[in-house]
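The values are calculated or read from the model by the stated rules, or taken from the named source; none is laboratory data. As the structure is a computational prediction, the values presented were derived from the model and not from experiment. Because the Cβ atoms are built from the backbone with ideal geometry, glycine has one as well, and the counts that use them run over all protein chains shown.
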Amino acid sequence: MCTQRRTSTCFFLITAIVVLPLMLIAQETNQTATKTYRDFRAGNSDDVQQTTKPGFVLMGGGTDVDEAFRWLIERSGGGDIVVIRASGADGYNAYIAKLGTVNSVDTLLFESREASSDPFVLGRIRNAEALWIAGGDQSKYVEYWKNSPVADAIHALVKRGVPIGGTSAGLAVLGEFSYAALKDTITSADALKNPYDERVTIEKDFLKLSPLNGVITDSHWVTRDRLGRTLVFLARILKDGWSPAPRAIAIDERTAVLLEPDGAARVVGSGAAYFLRTTEPPQICEPGKPLTLRNIAVVRVKPGGHFDTKSWTSPDGFSYNLSVIEGKVQSNQPNGSLY
C-alpha cells in the first residue's frame, strides 16, 4: 500500500503503468490506421544488385504466359522482382518464384495515393531488378500513381535498364495513351454508338516508354470483343488532337508481346496480338453520333511471329483493313472476319 509520504510517487507509478500502455496502443493503432499499403515479400529479405537487361512484357490478361515471365526473370538477372497492384494479394509471389531463380518476389498492394509517396514503397520499387504491374482496375492506377513519385520511380527503372511488364489493367497503363476506365468500363457497341460517351476516359503521359510512344493498348481483345472500343480510342485521340497518327497494340488473353527497347517484338502464348494504325482522320467523331472512321490498317501476329514497332511492319504477320461506317465495323478479309 502507499503511505502518505509515498502518495505522489505511487501516483506517478500507477499513471505510468496505466497510461503508457494505452499511449502505445493508441500509437500502434494510429500507425495501422494510416498505413496505406500492404507488403508481401517472399525469398531473401536482403537486397541484391544484379545486372539487368531492358525490355517490356505486354500481356493480354487471363491466364499468365509462363514463357513471358521466364523472359522477364532472365532479364532481371535473378534479382528482386517487384509486383505492384491495387487489389488482390500475393498470388504472383509463388508463381514467379517457381518459374526461375530470383532473390525475392515482393508484392506491394496500394490502398491509396498516399502510398505512392511512402519511402519504403519507393525504395522497394527503385531497388527492383524487374517490375510487374498486375491486373485489376486501371482507374486506381491512374488515381494512385499518375504524376506521383511512383511514376518517377518507374521511369528511373527504365533509365537503369530494368525490364517492366503488365497484364490487363497493368497493360492498359504502359502506352503513351491509356484507357483509364475512370467511369467504369465500356463495351464496343456502346463506344461505337457514341465516341464521347462519358465512359470513354482516355489519359495520356501516364508513363513514357519510348517503344510505346503514340500507342494505346487494350487487352482481353478477342475474348471480350473489344475491337470496336479500341477503334473509338484511336478516333478520339485523333479528333482531340493528341496525335496525328495514333496506333494501338491489342492483345488477346493468354498472349504476350515481348518488346525490345529498339522496337523489335515477338509474340508468345496461345492467342494473337494485333497492331493497328490509323491512316486518315475520322469522318464522323462527335458526341451522340455513331463513329465513322475508314481504312485502319491491322496486322495480326500469332505466337512465334515478329513485329517492329518503329517501322510498324511485320515479316510474318497477316495484314488487313478495317473501317467503321456509322458505328458498324467492316473488314476486307475474304470471310469478313473482324479478327
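A compact table of results
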| item | result |
| --- | --- |
| Qualifying positions in the range 206-224 - of a type outside the set (Gly, Ala, Ser) and either free of Cβ contacts under 8 Å to residues at least 12 places away in the same chain or farther than 19 Å from MET59 by Cβ (or both) | LYS208, ASN213, ARG224 |
| Residue match in the range 192-205 (condition: assigned by TED's automatic domain parsing to the domain that holds GLY62, surrounded by 22 or more Cβ atoms within 10 Å (Cβ to Cβ) and either touching a helix residue (DSSP H, G or I) at 6+ places or on another chain (Cβ under 7 Å) or among the acidic types (Asp, Glu) (or both)) | no |
| Residues (more than 12 Å from LYS208 (Cα to Cα) and β-branched (Val, Ile, Thr)) located in the range 152-167 | VAL162, ILE164, THR167 |
| Candidate set: the range 166-200, residues that are hydroxyl-bearing (Ser, Thr, Tyr) and assigned to a loop (DSSP other than H, G, I, E, B); chosen: the one farthest from PHE56 (Cα to Cα) | TYR196 |
| Whichever residue in the range 82-120 is surrounded by 14 or more Cβ atoms within 10 Å (Cβ to Cβ) and basic (Lys, Arg) and, among such residues, is farthest from GLY136 (Cα to Cα) | ARG113 |
| Spans of helices (runs of 4 or more DSSP H) in the range 50-154 with at least 2 residues more than 15 Å from the chain's Cα centre (by Cα) and modelled with pLDDT of 95 or more | 66-76, 91-99, 119-126 |
| Residue within the range 228-242 that is part of a helix (DSSP H, G or I) and modelled with pLDDT under 95 present | no |
| Filtered residues of the range 216-229 (kept if crowded, with 22+ Cβ neighbours inside 10 Å and aliphatic (A, V, I, L, M)) | ILE216, LEU227 |
